[in-house]
Structure formats: C-alpha cells, structure tokens
Amino acid sequence: MIKVKIHINGTEYEVEPGKNLLHTCLALGFDIPYFCFHPALGSVGACRQCAVKKFSGTDDKTGKIVMSCMEPVSMGLIISTDDPEIKVFRAAVIESLMQNHPHDCPVCDEGGECHLQDMTVMTGHNYRRFAFRKRTHNNQDLGPYIHHEMNRCIQCYRCVRFYKEYAGGTDLNVFGSSDRVYFGRQKEGALESEFSGNLIEVCPTGVFTDKTLREHYTRKWDLTSSPSVCTQCSVGCNILVGERYGLVRRILSRYNGAVNGYFLCDRGRFGYEFINHPERTRKVMARVRDKEFLEEIPDEDRRSVILSAVKGKKLAGIGSPVASLESNFALEKLVGKENFYHGIPDKTFTLIKTAVQILKEGPAHSPSLKEIEKSDALLILGEDPMESAPMLALSIRQASRNRSFEIAAGSGVPIWNDAVVRELAQKIKSPVFIAASDKTRLDDLAEEIYNVSADEIAGLGFEIASLIDEAAPKPKDSGKSPGGTAKKIAETLKNADNPVIITGLHYNNVKILYAAANISRALVRMGKKASLSIIFPECNSLGLGLMDGKPLEELIEPAGMRDVETLIILENDLYKRFDKERIDNLLNNCENVIVLDYLMNDTVKKAGILLPAGTFAESTGTIVSNEGRAQRYYRVLPANGQIMDSWRYISGIIDLTGKKNSSKWKYFDNLVASMTDAYPSLGRIREILPDSGFRIFNGKIARQTPRFSGRTAINSDVSVSEPGPPEDEDSPLNFSMEGFKGVPPSSLVPWYWSSGWNSVQAMNKYMDEPAGTPAGGNPGVLLFDNKNGRMAEYYKTE
Amino acid sequence: MLTDEERKEIREEIKLYPYVEAVCIDALKIVQDHRGWISDEAVNDIASELEMSPAEVDSIATFYTRIYRKPVGRNIILVCEGISCMIMGYESVYEKISGKLNVKFGETTPDGRFTLLPVSCLGDCDHAPALMINNDHYNDLTHDTIDEILAKYR
Amino acid sequence: METPLTQYIKPGTPPPGIKEYEKAGGYDGVQRALKEMKPAEITALVKSSGLTGRGGAGFPTGMKWSFVPEKTEVKGFKYLVTNADEMEPGTFKDRYLLEGNPHQLIAGMIIASYAIQAQKSYIFIRWAYKKAEIIIRKAIAEAYEAGYLGENILGTGYNLDLYIHSSAGRYICGEETALLNSLEGKRGIPRTKPPFPAVSGLFGRPTIVNNVETLCWIPHIVAKGSDWFRQLSLTGEGGTKLYGVSGRVKSPGLWELPMGTSLREIIYDHAGGMQDGYKLRGVIPGGASTDFMTENHLDTKMDFESVRSTGSRLGTGTMIILDDKTCPVAFIRNMIKFFADESCGWCTPCREGLPWAVKLLDSFEKGTAKEEDIGILEFLSRYMAPGNTFCAHAPGAVEPLQSGLRYFRKDFLRHIEEKHCPWK
C-alpha cells in the first residue's frame, strides 16, 4: 500500500490514502470530536462536529473549515485540528445541540458513558446562552428492551442509519422536519429488528437506553466487568458482562474485528436475565430418602453425600453442547472415555461430526463473519441464518453491498462516503441466493429464492456442484430445478472472486452438508477461492464435535442402562432433546443421578443430587464457534457461595474419589493442558490464548474501573472490616481496580475507557484504526488449518 | 385498501419512474385529494400498495408541509405570510379572516368549512397580500374583497 | 429593446399554443439543434454564450452541462430536470414564464436534454402553481402530438420523454440535490457535493438540474447564436434578466430588461419609485437569501459580478424593498422565520441556529432583548457561514441578518433601549 504524506498541525505523517480524514486522525491518536460518523456506518457529514481547517498550500494563512469525516486523505493535505477558529466552531456546535437538550445528566442512564458528555468536555463549551423554551417530545414504548427518551436527541441520525440501512429494519424511522424531527416507530410498539439493541451503543446520548439495565440500574464506572463470549448461538460474538452486588446488570458488545465487529444481536444482548433468575440453582441439593423434592444439604454433609453416590459406582457421564470444553473434558476424565455420552440425539451428533470432518478436510476456507462480509456472491443452502446465527445474517446483509462498492469505486467514490455510495448503486446488490424450506428474513436481499423441501435443497446443491465441476456427482433427479436456477447459481459462484456457501444443521439433513461441501470443493478444484460456513445449533456444538462421545441412544436402550449406577449430567436438559418416556426410564433406572445445571428444569427436578453450575458469567471456559474459533469467556461474578464452574465441581469429585489425575488440575490452566494433551486438535488453545500467568508490567488486568465506588461499603452489612478482593486463579484478570492501566490484549478487555472518552467510542483507542484490528489481534484462535489446496473427495449424492 | 380510482391514478404516476417507491409523494397527494387528509389508515393503504413499510411512508409524509396528517376542513385557506405580503399588510388580512371565522392558524372551523394555515411565499409578491383557497389564488387583497372570496366556498 | 423571454406573454390572456408558437419560430431552436448539431456542439455553444444559471447561484450553464460524462459504469438513463420549485420569498419570475409561455420551456428542455443525451426529463413544479401545472400538462400533450416528444423526434432517432411532477411543499426542495431526493419519492434532504448531480443525480444517474428561466434561453441561443445573446446585455454577462420589484413601490411588477440594468432604473423607472410617504431604506436584490443593498448602491448594474462587489448576490433578481415605515427587525425576522421553518433538519447549525435566531428576533420585537443578543445574532451569522453547514440554505438565510445588523444596527439598539418595537 503506497502511503501519502500529509501535514497535521505542522507535523508530517505518512498515512494510507483513500480513508477519510477523521478516520485517519483518530487512528493517529488525535482527539477529534464527532457524532454522526461511525466506523461501521461511514460518514454522512450531518452533525458538523468534526470540523478541521484545511489549507490550500503553505502560503494559505486563513484556511477553510471542512468536515474531516467527508474529507478524503490525499497527498499533500495540510490541515489543522486546533486552529482557534475551529475550536470556536466546535464549541458552537455543542452549544446548538445543548439548546434543546434537557438538564438530565444526573438522572440520565447514559451519564458516565455518554458521548455527548465527552464531546462537550472536549470542545470546552460550558455556558449556555440560549434563554428560551426547549422543544420537547413524547416518548414511545418500544418494547421490553429499549427505553425511549426523545428529549435527549441531538439528531445525529445514527439510529435510523444503523437500524434501516445497516440492519435492514423497517419499523424505526425519522419523522417530521426542522428542529422537530422525531426518531421512533410510526406507532409505538416493540421494535421488530433482531438487532435493535445496538441502538443503545450507537446512540451517542440517552435516547435509546437498555431497559433491562434500568430494572437494576448501575453507573458504568460502578460495574465489575469481564470479557466474555455469548453462548446463545454458535457464532461466538464477543461481549462484556457487567455486574454489581452479585447481579448481572447488562451486556455490551466487545469488539472483535473478525467476528461481531461493533454489534450484537438482541438474543445475546438481552438474554442474560436467567443468570439473575429466582429459579437459579444456587445451593447443592439432594433428594433425601425418596422424597419428592430436593433439599439443601448442610455444609458438613455435602462431601459424604456426593462421595457415597460416586465412590465405587459404575459411572456414566452425559456432556453438553452448551457447556465449555473444559467442563465436557473434565466429565469425560471422571467417567472414562467409554462411559462419556455427548448428550445430543445421535442424528444431530452425526451431522456435527460430518461438519467437523468437512471443516478439517477443507479445502474450502471456514470464513469469519468479517470474511463473509467481503464476499461477492453468497449461496445460503438449507439454513435460516436470522434464526440460527443472527449476526452471521447481518454479515450477509453487508456482503450484499459489495457490488455497490465496486460501482462507487468506478466513479471514484470511497466506501466510507455512505450516502453517495447508496445513491450511486441504487438497488444493485451482490448476488445472494437462498435455498430454504420457508420464508427467511433475508429474503429481501435475495436474487433468487428457492423454497423446497430439505432433500430437494440437497438435490439443488449437488446439481450446482456438478455444473461447476463435471467431475462432481450429479443428483438422481438432475436438472429438476426450475428455470435453470442451479445453472444460474453455479455460473455466479464460478465467476465470483470470493464466493461463500452458508449451510448448517437447521434442517437436520446430512445430505445438505454433503451438497454444500461438494459445491465448495468443486469451486476449489476449478481454481477459485471458496469459503464454506457451517452454522451449528449451539454455542459449543463444534467443540463437542471435536471430542469423542458415544450416542446417548446407546445408554437409553435397555441394554445400555443396566450397568450404570450413577449418572452425571452436565448442563443438559435431556427432556428437551429426547422423548419423555425414554428419559424417565433412564433417570428412574439409575441409582444415583447427579445433575450439574444452573436452572431448575425438568432434568434437574429428577436429580438425586444437584450441583449448582456456574453460567458463563460465573465461570471460566473455552468454546469453539462455528468458524472453528476457540474463544474463552471469563467469569464476572467471583465464586458465589456454592455456585462453581462445572469443571471445578467435577474436578473436586475426581479429587474425592482419589483418582490419580486429580493433582494435575490445581489450576484452570492445568486442566486446559490436560485437555490439549488428550485432544491435539485443540492444541492451539494452549499456545495462543493468554493464560492465567499473563501479566503486563507485573500487573493483572482490572475488572473494575478506577472510579469504582463503594469498595469498603459493599460488604459492611456482613462485616465492617473490608475483605480482601476475591482471587481469580483462572485468568490474568483481577476482581478489583488494581492492575495494568493501559490497553490490554483484545481477548482480555474488560471495559472500554480512555481519558476523555467515557463512552463506547473509547473503542477507537483499543485498535490501530477505527474498525481495524484491536491490540493483540482479534480475539480467538482458529483451530482449523484452512489452507486451500488440499483436495478432498466428493460426497456421494445418495 | 386503496379505492380503485386511487389505485388507477397512482398506477399512472408509477409509469414516470423506474421504481415503485419513487411514486410515494404522488401517491400521498392523490390519496389526499380523494380523502381530504392522510390518516393512519391511508398511510397503511399506500404502504401496502407500494410494498413499503408504513414507517417509511409516514417518514416521507410527515416531512412535507402539504401532506396533512390531521383532518382538515372542506376548504383550506393558505394565507401568505411571506416578506412581500408582510410589508403590504398581510397581518390585517389574517386578522380579518381569523376574526370572521373565529379560528387561528392550524385550526378548523367547527362546521368543518375552513381550515386556516400559513404559507410562504405564493409567488404573488407584486400583488401582495395574497392567499390561496384550495387550488385558487387570490391577490391584491383588501379588507372588503375577503368577504367576497370566502363566500365562494361552501 | 428585445425581450426574447416574454415577447409572447400577455398577462390575462392564455399562453400561445403550439401551433402559434411554432409559427412565431419558437421551435426553430429545436429543429436546428436536433437536425443540424451534435450534442457536444450545443454544449459548446451554450458555454460560449456565457449564460449563467438564473435560479440564484449563477453558475455557468454550459460548463455545468459539460460535467455530464459520456459513458457510465452502469447502463441507464441520463436525466434533465427543470427546477420549477420557485419558493424563495419575494420571487415570482418563474411563475410568469410557466403560465405565460410553457412551450418556450419545453423547447429549451428538449434541446438541453439532447445536449446531455438524456432520455427522460422532468419538470419539478411547486405544488402551489396549480394554474401553471394545468397549462404545462396541456402543452406537454401538444408537444407529444406534434412529434417534439416521444420516440424518434423529428425523425432524428432521438427519444425523449417529458414528465411533470408537482411537489408537496417544502422550500428546501428547490435546492437541486434535495429536489432530486424529493423526485425520487424520499424526504427532501440535500446531498453532499461532490459528486455533483452531473455525475450522480436522479436515481444515481448523470443529471442536470436547471432553472426555468435558464432553460427558456436555450431555444433562443441555439436559434440566434451566442453573439446575439451577449449583445443583449449592458455588461459582459449576456442576455436579459427578469427583474421584479415588490414592496411599497408605486407599480410592483416584473420586467424583462437587459442584464446589467441599474438598480435605480429598475426601482424608479419601471416600478415607479416609492409610494407617497415612503422612503427607501434597503433592497434585498434577489430573493430572501441575499444581503441588503442600500441607497448607496442604487447605481449598481444588476448583474452577478457587480452585485457581488457590493457584498450581496443577484440571486433571482426579484427584489424586495424595505421602506422606512417597516421595522427592519420585523422584516428580517419574517425571513429568518421562513428559513427556520423550512430547514430540513439534517445538519446542526441550520436546524438549531435558525430557530434560535428567530427567538432572539422575537425578543427584540417584544422589547425583552439585551445588548449581548446582538452579539449572539452576529455569532450565529458567522456560525452558519458557507461551508459550515451541509447546504446553502442556512448561509443564505443569514445573509439578510448579517447585512441587516450592519446597516440597521441603530434600529436594533433602539429596540433594546426603548424596550419595544419603535415601529409599532
């Protein structure tokens, strides 16, 4: 990349041309105020806050005020970011925005992480001369997740740009005109988009705030916060979980440039209240002498109760696709490989194993969400991404714009000049083809929609593969697809530079996987760079698929059941996956049933012993996303009474039964080492993820901000003397304010803050450039080789 | 549902553009001509005809001054308050009408006969003050001519 | 004195039909352009004539046309759009042309479309000009019937459709990029420039937007040449101009006069001078968004360059007279209120600054203003300077304000000192 020289405030810099000036200045570390610009949404030049002075040459002493977000960086650009006239202008913009802004700071949810507050301080505006009445608005009830407070609006238009243009939503819009513009729904009601929660982070003031946070409100600076990974689907978006007084308060997006970028889906953002639910399992409980209900066990009896259920008994363990790798592995170690059952219907597990095999063999690349966004032709074969992997669907939506970027580039218009790109390209999109059994919420993007049965979808896939490479096998009913659909798709994929096939386990049909694999293999054989993304049903389905496990059907059959005396079930409500009768049979026939889980579900109600397992907020663990990216979540709640990581409980049981392996697992990292020894395919986890010994300048990384309050008072109702902060031996994070005060590696970021940047915009300081790569690279480590070139066989069509 | 008449007129306008959505403003005006104003129902009717979301149609409708999202009277008086009309005495015109009909700007007479609205400017500056009632222009207004003009409208 | 634009307009009588206008030679330019000239030649001719846009900006028309690219990345139409959304307060010239001689405009549009190789053209007419709309629709139908529009015009193989679209209110739609957004059926928010409409305009296609008066010149220039056009004016800028006067003059009206006619002549000879008992205090020369001129400027030749040197702009050339019996503050307040109400709401300085200015001016009128409020008004004028806002709406709006504060500062001070409006 040829760089160009520009001058900022008299100093020369070498920078990449073609970006906009605001982006470049932010990347260089300059603090330029802005509102309507957003790294994911591009520039529109509406708010006028990002003004800088541009000089036509070295003799030009007056210069011209320009908006840096709309100014392309070019050779010889001379600008000033601190010219006195600029400072006056920037403060004037804030003064105008403050004209109608309510004096809400002390009672506004956004206070303490408010971009408007930050920009007000940055520009130095402090005295409001406007002496007239402010305009006010009525608020709308936008549903259970988003609170609406229109008086605070500064009309940056980010909300509608994100909601309508980026996320494809149709029910949030701007109404009216002049200084009475209103951002909301046409009629009040719950917002319909699956990504509405991002309004909370996209809105620079407190217009759209987290309603779930309001139920148990806490200021940002008072939160203990941890880096974590969402467990609601297999995409593995990175999140930040905040807690105070033992309650999880809210979830924010954590930037991962390869996966979720700046955003989250609503399921991940708002689906955390189960952690605080009154029906959480919080104590070790047992069913004493055939009683109907579980009861708490006195502390001193706990060991003996568990021991009596486990020592000398024939054990069997049932794992889970939502539990961490470490928990599943620990269970396998406890019961022995021959007695470890993966816990999902065998048909599904076979599909998972097939998917794993396809990913391992390649040769198509398993793309990250960011890579999917760069695709210029997509085929969705037998999946409904909006249902099974919403953020992946959002990436598909961005990918459909790639053709418009090409058209814009042809007229010399850069991608970041958002409104111009959209106008130039009109309705032209990159091709997206959808083969599904029913309508999907991506249909508005599709060039062709093919609604047929699962088997026919597979047939279409095989046909496409055979049209790309005639060596690929044809399906039995070849040529049956209507109107040459298969031919069109095949041609488009073949002519694309970066084709992506998206498939998954949604329809529980293995032939669809075979067909998708064949298409990707055919493309690679024809010399194309092809990517294949497989959507798994649950957050660690792929992780579980990388381990060994027997089908539960073997255990459920009368023959299998006979031997088992103690059944240990890990975070798996079997009634959700199998027939009631068969599970009743299984659970009734085992002498002891030990269940590790976090909610009172039907399986738990049948347990003889209940061990309260920690959710992702209360444990440390590693899961593998559908891309093959292993990521770790870190607890935000310290050890909480009897709630512990499942692997910690199981490790304790191993100790109790005196197995020789137990001494090796004093720390979480020991367990990980054991696991990667046993499963070399997981080996990379150990090499790259920072382990608990990681320090920066001898400091751990603080989960609490420097302004965290109440440290001594929090515990005073229990004891007046301040206790030491809880230890975290599983990770390099601290449960206190102590630690390294700079930018930590991206996988360990617990909260975003920088001097003068209290809002989520502080993210800019944690990466090399806006929407760039965070310090330390994007979190997560890829477990598959993903090197194109190795040829693999075609799957048969029958 | 759009009436057949409304649909027919909108379909004629669609011929002028490459995309159906481009006819949104014309559609709003056509439906308003038929129904007097644009109700929520009208917004939905247009939205379903043009395959747009109601929010999108309403976003466009609420931007334009001449799309009425509240009921209006049978006749709409638009009094010009542009600069030339102001110099030439629009205030007394307004006061005369307002006094006679007992409504202020933005209000409708109880019998639904007139809605009084401001407008600026009607392009009649050399014959100020001026006003419009429905599609008719009136200029060189005086205290006396106003009574005559209003009398024409039922 | 030649009055090419208005020679066939007789107020109070219907406009000439197509047969009448053809006979008068009105379509000669179309015949010449389509049959004898190449598109690039027409553009060159218009360029050499020096014709500048009559919509207010005064940009050289031929140069604007030359920005339309020959080839485009994606196949599609090119467009010519007539900006007939005349809503600038004090402006009433386009209505005269639209109601008086629609075929002149249509002929101009045909030639202009041919020059830029557009296949579709639109007239974007403001909602309030209902009479003109009906007249134009009839004229368009006549033109189609006579073979001047539609397919294979005059047997040359050139296809052109001409449509009329009427607006739904909103002054900002007169701004060319907001007009395009409105024509596309969206909210009338302006677009950023560059790219200019010539590159990305209606539906992302190369588009030229021209004012009515500008396009009315085209058939005449093509028929009679650029030298003829130049010699019509008193200064170098070419052509005639429709000048108008409104306010307390004896005969407010509209006159086609050579470009560069003096302000004095327009006001005192054609408009008859001030009414008895009224004195001239100021002139807003070109629609509400231009700076004041005063009696010191009466000998200014009213062309774009000369007016610019007085610190004002010619704009639309229809002027509003501030007399001594009208309060200057109320005068300015009326205009600023208009601009504040018509703000589209996209960019901060305009959306917030203009209503603040209105509220301040109201306080002057009520007598509650303070001395520092003048400073705030001056600050707002600088705040909404060109370049600081997204489009030219607010910078135009503050032109009367900033010049008014300069020329009538004493009157503003009187409002403060006397705690009421001295003109009430």
Count of residues meeting criterion [farther than 18 Å from A:Phe37 by Cα and among the hydrophobic types (A, V, I, L, M, F, W, C)] in segment A:62-85: 4
A:Leu570 aliphatic (A, V, I, L, M) and at pLDDT 95 or above: yes
Checklist (1) more than 9 Å from every other protein chain (Cβ to nearest Cβ); (2) farther than 27 Å from C:Tyr278 by Cβ applied to C:Ile376, failing item: (1)
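When you check A:Phe89 against the structure, is it under 28 Å from C:Phe379 (Cα atoms), in a helix (DSSP H, G or I), among the aromatic types (Phe, Trp, Tyr) and without any contact (Cβ under 8 Å) to a residue 60 or more places away in the chain, yes or no?
In short, yes.
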Segment C:143-155, residues that are surrounded by 12 or more Cβ atoms within 10 Å (Cβ to Cβ), without any contact (Cβ under 8 Å) to a residue 24 or more places away in the chain and outside any strand (DSSP E or B): C:Tyr144, C:Gly147
Subset tally (residues that are within 14 Å of chain B (Cβ to nearest Cβ), among the β-branched types (Val, Ile, Thr) and outside any loop (DSSP other than H, G, I, E, B)) for segment A:146-179: 2
Residue that is surrounded by the fewest Cβ atoms within 10 Å (Cβ to Cβ) [pool: residues in segment B:20-36 that are within 11 Å of chain C (Cβ to nearest Cβ) and among the acidic types (Asp, Glu)]: B:Glu21
Members of segment A:396-428 that are assigned to a helix (DSSP H, G or I), under 24 Å from A:Cys69 (Cβ atoms), more than 9 Å from chain C (Cβ to nearest Cβ) and not hydrophobic (A, V, I, L, M, F, W, C): A:Arg397, A:Gln398, A:Asn402, A:Ser404, A:Asp418
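Residue check: is C:Ile123 among the β-branched types (Val, Ile, Thr), touching a helix residue (DSSP H, G or I) at 6+ places or on another chain (Cβ under 7 Å), in a helix (DSSP H, G or I) and under 30 Å from B:Arg66 (Cα atoms)?
no
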Filter pass, C:Leu215 being touching a His at 6+ places or on another chain (Cβ under 7 Å) and either buried (at least 24 other Cβ atoms within 10 Å of the Cβ) or within 13 Å of chain B (Cβ to nearest Cβ) (or both): no
Matching residues in segment A:185-195 - criterion: being facing chain B (nearest Cβ under 9 Å) and surrounded by 17 or more Cβ atoms within 10 Å (Cβ to Cβ): A:Arg185, A:Gln186
Residue count, segment C:65-88 (criterion: surrounded by 24 or more Cβ atoms within 10 Å (Cβ to Cβ) and more than 16 Å from C:Trp127 (Cβ to Cβ)): 4
Positions within segment C:235-281 being within 10 Å of another protein chain (Cβ to nearest Cβ) and not hydroxyl-bearing (Ser, Thr, Tyr), in sequence order: C:Gly244, C:Val245, C:Gly247, C:Arg248, C:Val249, C:Pro252, C:Gly253, C:Leu254, C:Ala271
Residue identified as among the β-branched types (Val, Ile, Thr) and either exposed (fewer than 12 other Cβ atoms within 10 Å of the Cβ) or closer than 24 Å to A:Trp221 by Cα (or both) among A:Ile685, A:Ile714: A:Ile714
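Has segment C:104-116 got any residue that is more than 28 Å from B:His137 (Cβ to Cβ), in a strand (DSSP E or B), among the aliphatic types (A, V, I, L, M) and more than 14 Å from chain B (Cβ to nearest Cβ)?
no
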Subset of segment A:98-124 (residues that are within 21 Å of A:Asp179 (Cα to Cα), free of Cβ contacts under 8 Å to residues at least 40 places away in the same chain and surrounded by 14 or more Cβ atoms within 10 Å (Cβ to Cβ)): A:Met98, A:Gln99, A:Thr120
Residue identified as touching a residue at least 24 places away in the same chain (Cβ under 8 Å), in contact with a strand residue (DSSP E or B) (Cβ under 7 Å, 6 or more places away or on another chain), more than 29 Å from A:Gly772 (Cα to Cα) and surrounded by fewer than 17 Cβ atoms within 10 Å (Cβ to Cβ) among A:Arg282, A:Arg303: A:Arg282
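List the strands (runs of 3 or more DSSP E) inside segment A:180-250, counting only whole elements, that have at least 2 residues being under 25 Å from A:Lys134 (Cβ atoms).
A:182-185, A:208-210
Residue by residue, here is whether (1) small (Gly, Ala, Ser); (2) in contact (Cβ under 8 Å) with a residue 60 or more places away in the chain holds:
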| residue | (1), (2) |
| --- | --- |
| A:Glu423 | no, no |
| A:Ala458 | yes, yes |
| A:Ile468 | no, no |
| A:Pro473 | no, yes |
In segment C:175-196, residue surrounded by the fewest Cβ atoms within 10 Å (Cβ to Cβ) [restricted to those that are touching a helix residue (DSSP H, G or I) at 6+ places or on another chain (Cβ under 7 Å), in a loop (DSSP other than H, G, I, E, B) and touching a residue at least 60 places away in the same chain (Cβ under 8 Å)]: C:Thr192
Among the candidates C:Gly286, C:Gly239, residue that is on the phi > 0 side of the Ramachandran plot and either surrounded by fewer than 21 Cβ atoms within 10 Å (Cβ to Cβ) or modelled with pLDDT under 95 (or both): C:Gly239
Boolean, C:Ser403 is polar (S, T, N, Q), closer than 23 Å to C:Gly315 by Cα, modelled with pLDDT of 95 or more and out of contact with any helix residue (DSSP H, G or I) (no Cβ under 8 Å at 6 or more places or on another chain): yes
Any hit, segment C:156-172, residues being outside any helix (DSSP H, G or I), more than 8 Å from every other protein chain (Cβ to nearest Cβ), surrounded by fewer than 20 Cβ atoms within 10 Å (Cβ to Cβ) and small (Gly, Ala, Ser): yes
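Could you identify the single residue in A:Asp82, A:Asp118, A:Asp109 that is assigned to a loop (DSSP other than H, G, I, E, B), under 25 Å from A:Leu28 (Cβ atoms) and acidic (Asp, Glu)?
After ruling out the rest, the residue left standing is A:Asp82.
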Close pairs (6 angstrom Cβ cut-off, 6 or more residues apart or separate chains): more than 10 Å from chain B (Cβ to nearest Cβ) in segment C:320-332, assigned to a strand (DSSP E or B) and not acidic (Asp, Glu) anywhere: C:Asp324/C:Arg281
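The values are calculated or read from the model by the stated rules, or taken from the named source; none is laboratory data. Since this is a predicted model, take the numbers as computed values, not measurements. Note that each Cβ is placed from the backbone with ideal geometry, even for glycine, and that neighbours are counted across all protein chains shown.
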